[in-house]
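One structure is given here, and the rest of the page talks about it.
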Amino acid sequence: MLHINKFNTSALLILLALSGFHQANAQDKKSLNVSMAYYLTNNNIPYVVVTTKTKIDGKFKPVNNIEVSLFLDSPTNVIGKFKTAGKGILVATIPPALKDAWNAKPKHTFLATTKADKEFDETSNELAPGRLKIVLDTADDKNVTALVTEFKDNAWTPVKGLEMKLGIKRFGADLQIGDEQTYTTDSLGQIKGEFKKLLMPGDEHGNIVLAARVDDNDQYGNVRVERTVPWGTKFKTDNSFFRRALWGTRFRTPIWLLFMAYSIALSVWGILIYLIFMILKIKKLGKEELAKHS
Amino acid sequence: MEKIKTFTDDKITSDLLPQKFTQRGMLWVGFLLLLCGIGLFAYIRQIKYGLIVTSMRDYASWGIYISNFVFFVAISLVGSLITAILRLTGVHWSTPLTRIAEIIAVSAITFAAIIIIVDMGRPERFLNLPLYGRIQSPIMWDVIVITTYFFISLMLLYIPLLPDMKILIEKTDKSQPKLIKFYKFLGSFWVGSHMQFRISKKAITILSITIIPVAFSIHTVTSWLFATTYRPGWDSTNFGAYFISGAFLVGAGGVVVAMFVFRSMYKLENYITDLHFDRMGKILVMLGLLYLYFNINEYLIPAFKMKKSEEAHLTGLLAGEFAPVFWFAIIVGMIIPIIILVFKWGRKPLPMFVVGLMVVIGAWFKRYLIVTPTLLHPFLPMHNVPANYLHYFPSWEEWAIAIGSLSGAMLVITIFARIFPIIPIQETIAENHVTH
C-alpha cells in the first residue's frame, strides 16, 4: 500500500511537472519590438532604418537575423525583404520600381512585418512621416538661414515650432555653428543662425559643409540638408610623413643615409670578398706546387 | 720569449700541438655541456610558454639577455686589440696571445648573435629584420656590423692558422684520422711557399687594418642602441667611447684569464711567460684607468647636477636598490684591479688571473647596470602597475640561458684548443729563428 501511494505521488508530480513545462514552452516566446526611423538627406532618395529588439532581463537587446518585409503604403508595394544584422539593424532604400507610387501621393506609410518563428510571434509596425523640405541659405555676413516647409494640401506650407540644428559637418558628427545647440522655426518656417567658428579648418580651398537638420522627430523623422560654403581656413595637408626622413618607412630612407650605410657596408664587404679571393689564390698556388712535386 | 730561442723547432712543435683532453679536461667539457644543456632546456621552456617565463615585463623589457649580449660584444673586441692594434704597431711579444684573443672574439660574437635571438619572444620572426628592416634603425646597423665583424674575426682566425695546418697534418697522431681529414679539408693546400706566405701576410695586414674600424663600429653601434633613446642613464654623447674603453678592458681581462688557464693546463710556461703577464698587466692598468675615467664622466657629472628626471635612476645606482651591484662593479671590476696591477708583484700570473676574473665578472655586472636600471626609471612615473613590473630579478630560466650561453662560449674555446694549437706554431718558430 505504501508502494502504491508512493507510485501515485510520483506519477502526479511528473504529470504536474510536464504540464508546467508545456505551459512554460507556450509562454517562452518573447515579444519582438520592430521600430522604424525615416531618413532624408539633401532631398534625395529617402531610406528607412529598421531595428529589431527584444526585452531580456528588463532591458531591450538587439536581435539579429530577423527577416523583415517592408512595404510602401500597402502589401502590394514591396520595398523588399531584409535581415537585421550588426546591432539588430537593417537599412532599406525605396527601390526605383516604386518611384511612381512614391510620387503619386504627398504622404506615405512604411509597413514592416516579421513572421512568427520559434522564438518570436508575428510582429508589425508602421511609420508615416510627413514630407518635409529644408532649404538652406547663406549670406555674405556669415548668417545661415533655413526655410522648412511641409507638403500639405497640395502645397508647401511653412512649418512653425519645429526644433532643428545648424551645424558644420566634421568627421563622425556635426559641430554647432554658433552658441545655440538648437533652433526653433518661426511662423515663416525659418530659423537663423550666426556662423561663429571663424577658424574652422576646411579643405584645401577653405570649403566647409554646413548642415541643417531635424533629428528623430516623431512627425518627420530625420531630415537633413547640406550646403558647401568657403568659410573655413585653407587646410594644407602635412606631407612630412611621406618624405624621406629618419622616421620614415624603409622605402623612405634619406638618400644621404642610404649612401653612407651602403658605401660603408659595400667597402668593407668588398675588402672581405677580395680577401676570399686571396685565400683562393693561396689555395691555387698550393695545388700548383703540390702538382709540380707529384 | 727569452727562453724559447734555445728551443728547437721540433720542441716548439711538440709543445704547442693540440693535446688530448685529460680527465680534468673531460670533466670540464662535461660540466660545460651540462650547463649548456640546462640552458637549452630553459630556452625550450621559453619557446613553449613565451617570454612570460622570464622576469621581464613592460618596463624592464631588457634584462640579463641584453646585458649578456653587450658583454659578449664587448669581450669580442679583444680580437682587434691584441691581433690588430698590437700587430700593426709592431709589437711582437703578443704573438702567443693572438690566437687566444681571436678565438675569444669569434666565440663571443657568435654567442652575442645567439643571445639576441634568445631575447626575441618570436625568434622565427628574426628574418623579418633583413626582409623588412629599416636602415634608419640602429638595430639594423648592429645586425650588419655584427655579421661583418664575425666574418672578419673568422678570417683573422683562419688565415694565420693556415701555416699551422701543414704542421698539424704532418704531426698529428695517425690514430686520429678524422681530425687529420678535417685539417686537410681546411688547409691541405698550404705548402709554405714564399708566395703563399707573402699573400697571407698581406691578407692579415689588410684584415688587421679593416677590423679596427669595424670593431670600433660594432661597440659604438651597440652603445647607440641605448644612446639614441632619450632615457635617464642612456642620454649621453659619450656612450660610444665609454663602451669601447670598457670593451677593451673586459677583453683584455678575458685574455689574461685564458692565458693563465691555457698556460697551466697545457704547460705553456715557456711560451706564455711572466713577461706576457707583466705587459698585459700594464695594458690592463691603462684600460682600467681609461674606463674608470669614463665612468666618472658618466656618473659623477650627472650626479653633480642631479637633474630631476635622472635623480631616481642615479640614486638607485649610487645609494639605492642597485648600489651593491654598482659599487661591486666599480670597486671589484676596476679600482682593486688597478691598485693590484700597479705593483710588479700584481702582474705575476696568479694575481693577474685573479685580477682578470675580477675584471670579467665586474664587467658582466656593469653591463647589467647599464641596461636594466634605466628601464626601471622611466620619465613618466609608474602608476597602477602590478608590483612585479616595478623591480627586476631574473627568473631561473634567464639565469640558466645566460649561464648556458657563457658556458657555450667557453666550450667553443675549449674545443678549439683541443683541435688547433692555441699558440701559433709556425709564427713562434719563425720568431724564434729571427731572435736566434
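The values are calculated or read from the model by the stated rules, or taken from the named source; none is laboratory data. No experiment lies behind these values; they were computed from the predicted model shown. Here the Cβ is made from the backbone with ideal geometry for all residues, glycine too, and neighbour counts use every protein chain on show. Side chains included, ligands, DNA and RNA excluded: accessible areas come from the protein's heavy atoms. Shrake-Rupley method; radii C 1.70, N 1.55, O 1.52, S 1.80 Å.
Laid out as a table, the results:
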{"item": "Number of the condition not met by A:THR76 [criteria: (1) surrounded by 13 or more Cβ atoms within 10 Å (Cβ to Cβ); (2) over 17 Å from the mean Cα position of the chain (by Cα); (3) in a loop (DSSP other than H, G, I, E, B)]", "result": "(1)"}
{"item": "Residue within region B:141-149 that is away from chain A (no Cβ under 14 Å), in a helix (DSSP H, G or I) and in contact (Cβ under 8 Å) with a residue 60 or more places away in the chain present", "result": "no"}
{"item": "One residue from A:LEU98, A:LEU70 being in contact (Cβ under 8 Å) with a residue 24 or more places away in the chain, in contact with a Leu (Cβ under 9 Å, 6 or more places away or on another chain) and assigned to a helix (DSSP H, G or I)", "result": "A:LEU98"}
{"item": "So A:LYS236, is it more than 7 Å from every other protein chain (Cβ to nearest Cβ), within 24 Å of B:GLY192 (Cα to Cα), out of contact with any Cys (no Cβ under 9 Å at 6 or more places or on another chain) and open to solvent by 90 Å² or more (accessible area, probe 1.4 Å)", "result": "no"}
{"item": "Matching residues, region B:115-139, being within 25 Å of B:ILE211 (Cα to Cα), away from every other protein chain (no Cβ under 14 Å) and surrounded by fewer than 18 Cβ atoms within 10 Å (Cβ to Cβ)", "result": "B:ILE117"}
{"item": "Matching residues, region B:321-373, being open to solvent by less than 30 Å² (accessible area, probe 1.4 Å) and free of Cβ contacts under 8 Å to residues at least 12 places away in the same chain", "result": "B:ALA323"}
{"item": "Tally of residues being within 8 Å of chain B (Cβ to nearest Cβ) and of a type in the set (Val, Ile, Thr) across region A:242-263", "result": "2"}
{"item": "Test result for A:LEU266, within 14 Å of chain B (Cβ to nearest Cβ), open to solvent by 30 Å² or more (accessible area, probe 1.4 Å), modelled with pLDDT of 90 or more and within 30 Å of B:GLN196 (Cα to Cα)", "result": "yes"}
{"item": "Qualifying position, being in contact (Cβ under 8 Å) with a residue 60 or more places away in the chain, open to solvent by 30 Å² or more (accessible area, probe 1.4 Å) and β-branched (Val, Ile, Thr), among B:ILE44, B:ILE66, B:ILE38", "result": "B:ILE38"}
{"item": "Condition met for A:THR185 (open to solvent by 30 Å² or more (accessible area, probe 1.4 Å) and touching a Leu at 6+ places or on another chain (Cβ under 7 Å))", "result": "no"}
{"item": "Subset of region B:162-177 [part of a loop (DSSP other than H, G, I, E, B) and either among the hydroxyl-bearing types (Ser, Thr, Tyr) or within 14 Å of another protein chain (Cβ to nearest Cβ) (or both)]", "result": "B:THR172, B:SER175"}
{"item": "Output for region B:167-204, where each listed residue is in contact with a Gly (Cβ under 7 Å, 6 or more places away or on another chain), among the hydrophobic types (A, V, I, L, M, F, W, C) and closer than 21 Å to B:LEU154 by Cα", "result": "B:PHE189, B:TRP190"}
